[in-house]
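Below: one structure, written as structure tokens.
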Amino acid sequence: MASATRYQDAQGWPPAKPVSKPATVRRLGRVDPSALAAVVGRLSDEAWRREDSAKENDFGCFHHTRHVVFRFIARNLDPGNFYSNTGWRVWRRWLEPLMDRAAGAYGFRQPVFPKAMLARLEAGQRIDMHKDGEGSHPLVHKIHIPLQTNPRAVLVVDGVRVHLASGYAWEVNNLVPHGAFNGGDRDRIHFIFEVFEGAGRQTVDTD
């Protein structure tokens with residue numbers, strides 16, 4: 001998906017503040033991802049390959065993970081400076097209800113969602129341990145919603161192994177070492193997005 005929409009330049013806006021992340025993971029609350037999961041289930045392998053070949057987060061630790069990226073932060077710097085890929089227009093009807101539901105746990109006046117993507121980890125494969133680093137990462141909450149999973153699909157966050165059960169939204173601390181292993185016989189698929197308080201930052205959605 002080629003970049004279609006860019007947002008107002010963040011220069012001169014009040015700086016985003018670092019958020020308080022959980023030590024490892026935090027269960028935010030119940031969600032019903034069945035509508036999104038049904039649509040994702042109709043994606044062909046060719047569609048996954050095509051979208052993955054154009055992804056912005058093409059990092060070595062994701063060697064057996066394919067992504068469909070809907071939104072991304074420009075250069076992973078200021079979360080107020082982000083863009084939507086063309087697929088956002090089609091998929092937002094299924095994505096936004098889940099994003100709004102999960103973000104309700106934070107009580108934001110104006111939640112802004114600068115990243116949104118699907119991540120498909122192959123059966124029997126892993127995501128290498130890594131940290132997401134600086135830039136925009138300390139300024140946003142990172143949320144996972146499992147769409148297709150199994151009890152043998154585990155996340156390892158700062159040495160703690162946890163299975164992210166379906167039916168819930170989960171915040172993950174991406175600033176500490178973390179990785180994943182899918183020990184099941186089906187690919188693990190998560191909807192992953194980021195959120196921060198946008199009140200006072202005059203974020204302009206031009207989509």
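Structural remarks
- In the complete set of protein chains, residue-level accessible area for H137 is approximately 20 Å², probe 1.4 angstrom.
- Residue of R30, R188, R42 that the Gaussian network model of the chain assigns the largest fluctuation, springs spanning Cα pairs under 10 Å: R42
- Of Y168, Y83, Y106, the one that fluctuates the most in a GNM where the chain has Cα springs shorter than 10 Å: Y106
- Residues of the range 82-113 with amide N under 17 Å of the 7 Å Cα→Cβ point at V39: 84-102, 113
- Protein-only accessible surface at a 1.4 angstrom probe places the residues T65, T86 in the order T86, T65, largest first.
- Of all accessible heavy-atom area on the range 16-68, the percent that carbon and sulfur account for (1.4 Å): 49 percent
- For the chain, lysine pairs with C-alpha atoms less than 15 angstrom apart, excluding pairs fewer than eight positions apart on the same chain, total 6.
- Rolling a 1.4 Å probe over the protein heavy atoms leaves S53 with an accessible area of roughly 90 Å².
- In this structure L77 has an accessible area near 90 Å², from a 1.4 Å probe over the protein heavy atoms.
The values are calculated or read from the model by the stated rules, or taken from the named source; none is laboratory data. From a predicted model like this one, the values you see are computed outputs, not experimental measurements. All Cβ positions, glycine included, derive from the backbone under ideal geometry; neighbour counts span all protein chains shown. These area figures cover heavy atoms from the full protein model, side chains too; ligands, DNA and RNA do not enter into them. Shrake-Rupley method; radii C 1.70, N 1.55, O 1.52, S 1.80 Å.
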